[in-house]
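K.L.:
Quick one: this structure, given as structure tokens, is what I'll be asking you about.
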Amino acid sequence: MWKYFCGLCALFLLSCTSTSKEKTLSITEQTASRPDSFASDSVMLDYIQKVHFNYMWDGAEQTSGLAPERIHLDRNYPQNDSSVVTTGGSGFGIAGILVAIDRKFISREEGVARLHKIVDYLTRADRFHGVWPHWLDGPTGKVKPFGTKDDGGDLVESCFVMQSLLCVRQYFENGNQEEQQLCTKINKLWHEMEFDWYQNGKDVIYWHWSPYYGWEMNFPLEGYNEALIVYVLAASSPTHPVPASAYHNGWARGGDIKTSATPYGLPLELKHNGAEELGGPLFWAHYSYIGLDPRKIKDRYADYWNVVRNHALSDYRYCVENPKKYKGYGENCWGLTASYSVKGYAAHCPGENDLGVITPTAALSSFPYTPEESMRALKYFYSKGDSIWGTYGFYDAFSETDNWTVPHYLAIDQCTIAPMIENYRSGLLWNLFMSCPEIQAGLKLSLIHISEPTRRS
């Protein structure tokens, strides 16, 4: 580490006397000139991944290296929360760092240094039985309450972090001394997560616990939503495991999770919480699947590849049908998920919660499931030019019906784009996560059938 620091100092001194051509450009500088066209779809995807990864790189909160909850290019922060970092969004951003290393957007050494900074911060930040809160104050690492009683551990958001940290561990498991040290730090955080505590003595897992309010949030994790990864990690924990019965009685509701709903002829297979007929917001098909490979898991309730693919396709077909006749909706413009909206924030999805707002991450993070439909959407969004585009890529959301957008970004939307596009292109994160021996054992424990993982050479 000291050798690396000295090298950085030397580079800095050299840059002060060298020409601008010799200066190492930041990601923002590399992508500042927005190309009008691309030589191929592959070149375009490289650019899109790099720009959106930049939210976690140049856009990171300085003390932690983590993802700010939001970045507003107009500097308008009504809640004075520009320094607040989000654990869940940071989890997706950590996965993005691996993509950036593998695609050579940044050097391996730069990535490892940033990951050490992140893991060291997460080690000293507030945790509650090994679990981070939803929000942290970036400069101090202290909990920033997400709500009145949501001032303690948030197991779902923390699992988004650990999902990606385990990918990091697998990526560097045979690396140099500094990389091995990083893996050791990650294992310590992993082993300290007390999944069994979050059962509250029940055969289910709970989302929240507060040192002041205990279990008053009272949110048992029942499917189907974004939280499948919690049960997978809980079953896989080498130190605080949760029994398979919690998966079946909690997540699967004793079997009641199954559904016969078939929007647009596409079986959902699982009941979407609060959106059983047409399916919920598309982030449910993204967050748990940054690392968890849906192609390789199925159980007595569903084939998870069908679950996520049909979810994305039904969202697409709904937007093509456009029953509310919103301007812009169609084959090239689709994607409903939780995001900023014309009035505040909304969990956009087909049906009642369709407010005429398109969120680019919905289609772009669905690339593994709907590659042709997602590519058409990408090219259409890109054709709109600077009207929906800024430093960190596409703005969070827009509405052609209301002629609305704002130069605002949310980490949970921006940071899934590069990882999920990478899972479409190479399967990088899917292969890493599924190669974890604990995950293999945990899935089998829960009676989830899995295919053999693909190991990195």
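Rule-based calculations on the coordinates, nothing more; no lab input. This structure is a prediction, so every number in the text was calculated from the model and none was measured. A quick note on method: Cβ atoms are made from the backbone with ideal geometry, for glycine too, and the neighbour counts reach across all protein chains shown.
K.L.:
Listing Val204, Val357 from the residue with the fewest other Cβ atoms within 10 Å to the one with the most, what is the order?
P.N.:
Neighbour counts put them in this order, fewest first: Val204, Val357.
K.L.:
Got a sec? How would Leu428, Leu270 order by Cβ neighbour count within 10 Å, fewest to most? Before the final figure, lay out the partial values.
P.N.:
On the way: Leu428 21, Leu270 26.
In increasing order of surrounding Cβ atoms, one gets Leu428, Leu270.
K.L.:
Within the range 145-218, which trypsin sites (Lys or Arg not before Pro) sit in a loop by DSSP and count at most 14 neighbouring Cβ atoms inside 10 Å?
P.N.:
Answer by residue number: Lys202.
K.L.:
Moving on to the next point. At most 10 other Cβ atoms within 10 Å and a DSSP loop assignment: could you name the trypsin sites (Lys or Arg not before Pro) in the range 294-385 that fit?
P.N.:
Listed in order of number, the matching sites are Lys325, Lys343.
K.L.:
Oh, and also: Out of the range 33-94, which chymotrypsin sites (Phe, Trp or Tyr not before Pro) are coil in DSSP terms and have no more than 15 other C-beta atoms within 10 Å?
P.N.:
Working: sites: Phe38, Tyr47, Phe53, Tyr55, Trp57, Phe92; in loops: Phe38, Trp57.
The qualifying sites are Phe38.
K.L.:
If you compute Cα extents along the principal axes in Å for the structure shown, which of (1) 75, 55, 36; (2) 65, 57, 49; (3) 68, 52, 45 do you land on?
P.N.:
Among (1) 75, 55, 36; (2) 65, 57, 49; (3) 68, 52, 45, the one calculated here is (3).
K.L.:
Please go through the residue pairs Lys149/Lys271; Lys258/Lys298; Lys325/Lys379; Lys117/Lys144; Lys271/Lys298; Lys50/Lys379 and name each one whose alpha carbons sit more than 18 Å apart in this structure. Intermediate values should be presented prior to the final figure.
P.N.:
Working: Lys149/Lys271 28 Å; Lys258/Lys298 13 Å; Lys325/Lys379 22 Å; Lys117/Lys144 20 Å; Lys271/Lys298 16 Å; Lys50/Lys379 16 Å.
Table pairs above 18 Å Cα-Cα are Lys149/Lys271; Lys325/Lys379; Lys117/Lys144.
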